[in-house]
Amino acid sequence: MTAEALMRSRYTAYVLQNIAYLHETLWPKFQPSFDFKATATWAAESHWTGLNVLATSAGQGGDRDGTVLFEAKYLSGGQLRTHRELSRFRKKSGRWYYVEAIDE
C-alpha cells in the first residue's frame, strides 16, 4: 500500500460511512480524541461526488512519510462543495496511517 492508496481508501470510507475504518487508519496518537459522532454526521450529510488527486510526494513502499494533495467534491445543503487538503501520512510497523492536514 502507498500513502495515496490509503487516502483513496479513506475517501471511500467517507462515501460508505465506514467511520470505524477512518478511526483505525488515523495515526494512533490521535485515535483517542477521534470524534466519531461529528465524523459520522459529516459523512452522512454529504453526498460524495468525486475525488481528484492533485499531487503526491513520497509515500511509496520504501518511505516512512508522504503527502497527498487532493480535492473531494460533495453535495451538502444543496450546494456542490470542494474539500481541498494536503494530507500527511506516516508508516508505522509496515502500515500507513493518516496523520493530519497540513498547510499548503
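Where a number appears in this text, it was derived from the coordinates with a stated rule and is not lab data. Here the structure is a predicted model, which is why all the values come from computation and not from measurement. Reconstructed Cβ throughout: ideal geometry from the backbone, glycine too, with neighbour counts over all protein chains shown.
Compared with the dominant Cα axis of the chain, that is its longest principal axis, helix 36-45 is turned about 50°.
So what is the 222 nm mean residue ellipticity for the chain from helices alone, if each DSSP H run of at least 4 adds -39500 (n - 2.57) and you divide by all residues, rounding to the nearest 500 deg cm²/dmol?
Values: 3 runs with 30 residues, N = 104.
Value at 222 nm, helices only: -8500 deg cm²/dmol.
Other residues lying with their Cβ under 12 Å from the Cβ of Y11 contribute a combined charge of 0, Lys and Arg counting +1, Asp and Glu -1. Angle of helix 3-16 to the longest C-alpha principal axis of the chain, folded into 0 to 90 degrees and rounded to 10: 30°. In terms of overall dimensions, the C-alpha atoms belonging to region 3-102 reach 42, 30, 21 Å along their principal axes, ordered largest to smallest.
Each residue of region 23-28 was assigned a 3J(HN,Hα) from its phi angle through the Karplus curve 6.51 cos²θ - 1.76 cosθ + 1.60 (θ = phi - 60°); the sequence is 5, 5, 9, 7, 3, x Hz, with glycine and proline shown as x.
The mean of 1/r over all pairs of different alpha-carbon atoms in region 28-87, once inverted, gives a Kirkwood hydrodynamic radius of 13.6 Å.
Compute the signed sum of charges (Lys and Arg +1, Asp and Glu -1) over the other residues within less than 11 Å, Cβ to Cβ, of Y74.
On the way: positive: K73, R81; negative: E45, E71.
Surrounding charge for Y74 is 0.
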